[in-house]
Amino acid sequence: AALASAVAMVLPAAAAARGWGVTEVMEVASGTCLAAYALKLKMDGDDDDDDKSEGERKEHGVQQLIAIGIMGSLDDMCVQASLLAGGVLQLWHMLFGVFFGCCIVVALCWGASSLQAVSSLISSIPLWT
């Protein structure tokens with residue numbers, strides 16, 4: 001609720017009159033943060049990790065995953081805080097839904113990665129060219 005309140009206080013009345021609510025601003029901010037972080041990762045040139053040890057690569061990967069997860073969830077946090085503040089959802093309803101939604105995503109990714117055809121298809125997609 002604090003993040004939504006901060007965005008609502010900063011949002012100009014003219015923007016709100018044109019249909020830019022807190023949710024729309026947070027969606028744009030989240031996408032912009034992700035795009036900027038992707039550019040930062042590309043500019044760092046961390047493409048050839050051959051000279052790094054396995055521990056360094058794994059730690060760097062976890063840090064990137066956490067940063068991407070937080071930046072990608074900014075708009076969701078704002079919407080969820082608004083729903084809680086408005087009384088539309090109770091906290092335990094939201095936590096239950098978010099937890100099981102995450103479990104479904106993890107199960108789908110885990111299941112898809114165990115299929116050799118899916119694994120080879122995803123491996124063939126160039127991430128940075």
Cβ pairs under 8 Å, 6+ apart, first in the range 31-52 and at pLDDT 65 or above, second in a loop (DSSP other than H, G, I, E, B) and not polar (S, T, N, Q): 42/128
In the range 75-101, which residues are open to solvent by 60 Å² or more (accessible area, probe 1.4 Å), at pLDDT 85 or above and not aliphatic (A, V, I, L, M)? 90, 92, 93, 96, 99, 100
Within the range 11-33, identify whether any single residue is hydroxyl-bearing (Ser, Thr, Tyr) and open to solvent by less than 40 Å² (accessible area, probe 1.4 Å), and answer yes or no. yes
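The values are calculated or read from the model by the stated rules, or taken from the named source; none is laboratory data. Worth saying up front: this structure is predicted, and the values here are computed from it rather than measured. Note that we place each Cβ from the backbone using ideal geometry, even for glycine, and neighbour counts take in every protein chain shown. Surface accessibility is based on the protein's heavy atoms, side chains included, excluding ligands, DNA and RNA. Shrake-Rupley method; radii C 1.70, N 1.55, O 1.52, S 1.80 Å.
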